[in-house]
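The values are calculated or read from the model by the stated rules, or taken from the named source; none is laboratory data. As the structure is a prediction and not an experimental result, all values here were calculated from the model. Glycine gets a Cβ as well: all are built from the backbone with ideal geometry, and neighbour counts include every protein chain shown.
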Amino acid sequence: MRGAPVVATALLLALTLSCAAPAQAAVRTYYIAADEVVWNYAPGGQDEIAGGPVPSLPPGALGWRFRKVLYRAYTDASFAKRVPVPASEAYQGLLGPTMHAVVGDTLVVHFKNDSPLPAGIAVAGMAGSFTAVAPGERRTYIWHVPASSGPGVNDGSSIAWRYYSPVAENKDENTGMVGALIVTRRGSARPDGTPSDVDREVPILFAMMDEGQSRLIGANIADPLLNPKHVGSQAANFQLANIFFTIDGYSYGTMPMVTVREGERTRWYVIVTRSGFDAHAPHWHGQTLLENGMRTDAFQVEVDEIAVADMIPDNPGVWLLHCHVQSHLMAGMEARYRVVP
Ligand SMILES: [Cu+2]
């Protein structure tokens, strides 16, 4: 009869574990709209790293500005007032608002489609049925966050998933619809869902944006303000000329700087779009990070992957963060971050 003590021990362990659970599962509610905006891949027109104006675009390019559809957070169901983006998060650019959940939570996303295209939200790593939401319509999505969507045994206290629109998936992403959901392990989260062993989270999108594959390419071609040279889709080099290599939608150092403090436990979530055809190689100058438990200052992130890397900045200054794939770097896939003492 060796079963009984084993069962009793298991029960005791289960009771101990459940009593040790520090917080109740929460319902986390977000109001997110798909908004049409005019996006500029190089606002200001200056190469903030090399100096001088950004390089001229090749023949066949429309310009630096394109209509896009971005996810943006609103304060409530009226969708009248946007959640303000603090200056410290201005770098997030075209990346959608970051959502947080803890394993066991329920995530409720009220979605309003203020774009001219059918669109919606799905979350990678999370089961759910999807139907496209027509322009002007709304839908509420509810996801229960299972352990199988949370950190694995070799992960830290949190991981990230992309959320996206799966109507015409790669085209939706090239149109601009992509954001991050961070899922924290139960027992490792603050009340707001952020991991308690991290002081600062920086989700960042390495994106090859292919405007020829945007669902708004027709509208962009037809707009003389955005396409002053009246480039047509049959123009020579059209496809390659309208690809932009960006970090959070910015090229040539035009991304507002990420600012972190010396000693601050900083977690970078490097999200690579799934519609690109190249891996990226983020490289941080000035500090090192731990990625997969290994010390590095650069690593490769494949198409459709998200890498998590932890940095404790110890070297104040303004530093480069760029892609080390040479053709991407030459095309402006570079940004800066600042470490303040
Ligand atoms: Cu790259």
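Checking each residue in the stretch 79-98 for being within 22 Å of Thr246 (Cβ to Cβ) and touching a residue at least 40 places away in the same chain (Cβ under 8 Å) picks out Ala87, Ser88, Ala90, Tyr91, Gln92, Gly93, Leu94, Leu95, Gly96, Pro97, Thr98. Looking only at residues in the stretch 220-262 that are more than 27 Å from the chain's Cα centre (by Cα) and of a type in the set (D, E, K, R), the one that is nearest to Leu205 (Cα to Cα) is Asp223.
For the stretch 310-324, which residues satisfy the criterion of being within 16 Å of the ligand (Cβ to nearest atom) and outside any strand (DSSP E or B)?
To start, the set of residues in the stretch 310-324 that are within 16 Å of the ligand (Cβ to nearest atom) comprises 320-324.
Matches in the stretch 310-324: His324 only.
State yes or no: is Ala73 free of Cβ contacts under 8 Å to residues at least 60 places away in the same chain and more than 19 Å from Tyr31 (Cβ to Cβ)?
On the way: free of Cβ contacts under 8 Å to residues at least 60 places away in the same chain: yes; more than 19 Å from Tyr31 (Cβ to Cβ): no.
Considered against the rule, which asks whether it is free of Cβ contacts under 8 Å to residues at least 60 places away in the same chain and more than 19 Å from Tyr31 (Cβ to Cβ), Ala73 comes out as no.
In contact (Cβ under 8 Å) with a residue 24 or more places away in the chain, within 15 Å of the ligand (Cβ to nearest atom), farther than 30 Å from Gly45 by Cβ and surrounded by 15 or more Cβ atoms within 10 Å (Cβ to Cβ): is that true of Ala307 in this structure? Working first, answer last.
Values: in contact (Cβ under 8 Å) with a residue 24 or more places away in the chain: yes; within 15 Å of the ligand (Cβ to nearest atom): yes; farther than 30 Å from Gly45 by Cβ: yes; surrounded by 15 or more Cβ atoms within 10 Å (Cβ to Cβ): yes.
Yes: the conditions hold for Ala307.
Would you check if there is a residue in the stretch 295-304 being within 10 Å of the ligand (Cβ to nearest atom), surrounded by fewer than 18 Cβ atoms within 10 Å (Cβ to Cβ), modelled with pLDDT of 95 or more and polar (S, T, N, Q)? Scanning the stretch 295-304, I find at least one residue that is within 10 Å of the ligand (Cβ to nearest atom), surrounded by fewer than 18 Cβ atoms within 10 Å (Cβ to Cβ), modelled with pLDDT of 95 or more and polar (S, T, N, Q), so the answer is yes.
Residues in the stretch 284-294 that are surrounded by 15 or more Cβ atoms within 10 Å (Cβ to Cβ) and either near the ligand (Cβ under 10 Å from one of its atoms) or on the phi > 0 side of the Ramachandran plot (or both): Gly286 alone. Taking every residue in the stretch 325-341 that is closer than 19 Å to Gly249 by Cβ and in a loop (DSSP other than H, G, I, E, B) and pairing it with any residue that is polar (S, T, N, Q) and within 16 Å of the ligand (Cβ to nearest atom), at least 6 positions away or on another chain, the pairs with Cβ-Cβ distances below 8 Å are Ala331/Ser251; Gly332/Thr246; Gly332/Ser251; Met333/Thr246; Met333/Ser251. Of the residues making up the stretch 175-192, those that are within 26 Å of Met257 (Cβ to Cβ) and either polar (S, T, N, Q) or crowded, with 20+ Cβ neighbours inside 10 Å (or both) number 7. Does Glu211 count as farther than 28 Å from Ala127 by Cα, surrounded by 22 or more Cβ atoms within 10 Å (Cβ to Cβ) and at pLDDT 95 or above? So Glu211 fits the description; yes.
This table checks each residue for (1) under 20 Å from His280 (Cα atoms); (2) touching a Ser or Thr at 6+ places or on another chain (Cβ under 9 Å).
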position: Gln213; (1), (2): yes, yes
position: Gly218; (1), (2): no, yes
position: Ala222; (1), (2): no, no
position: Leu225; (1), (2): no, no
position: Ser233; (1), (2): no, no
position: Gly249; (1), (2): yes, no
position: Gly253; (1), (2): yes, no
position: Thr259; (1), (2): no, yes
position: Glu262; (1), (2): no, no
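Residues in the stretch 124-141 that are surrounded by 16 or more Cβ atoms within 10 Å (Cβ to Cβ), at pLDDT 95 or above and either assigned to a loop (DSSP other than H, G, I, E, B) or not charged (D, E, K, R) (or both): Val133, Tyr141.
Conditions tested, residue by residue: (1) of a type outside the set (Gly, Ala, Ser); (2) over 18 Å from the mean Cα position of the chain (by Cα).
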{"residue": "Met126", "(1), (2)": "yes, no"}
{"residue": "Ser129", "(1), (2)": "no, yes"}
{"residue": "Val133", "(1), (2)": "yes, yes"}
{"residue": "Gly136", "(1), (2)": "no, yes"}
{"residue": "His144", "(1), (2)": "yes, yes"}
{"residue": "Pro151", "(1), (2)": "yes, no"}
{"residue": "Pro166", "(1), (2)": "yes, no"}
{"residue": "Glu169", "(1), (2)": "yes, no"}
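Could you tell me which of the residues Thr296, Thr266, Thr254, Thr246 is out of contact with any helix residue (DSSP H, G or I) (no Cβ under 8 Å at 6 or more places or on another chain) and without any contact (Cβ under 8 Å) to a residue 40 or more places away in the chain? If you could, list the steps in order and put the result at the bottom.
On the way: Thr266 fails: without any contact (Cβ under 8 Å) to a residue 40 or more places away in the chain; Thr254 fails: without any contact (Cβ under 8 Å) to a residue 40 or more places away in the chain; Thr246 fails: without any contact (Cβ under 8 Å) to a residue 40 or more places away in the chain.
Among Thr296, Thr266, Thr254, Thr246, only Thr296 is out of contact with any helix residue (DSSP H, G or I) (no Cβ under 8 Å at 6 or more places or on another chain) and without any contact (Cβ under 8 Å) to a residue 40 or more places away in the chain.
Per the conditions (1) touching a strand residue (DSSP E or B) at 6+ places or on another chain (Cβ under 7 Å); (2) surrounded by fewer than 23 Cβ atoms within 10 Å (Cβ to Cβ); (3) outside any strand (DSSP E or B), the sole criterion not satisfied by Leu95 is (2).
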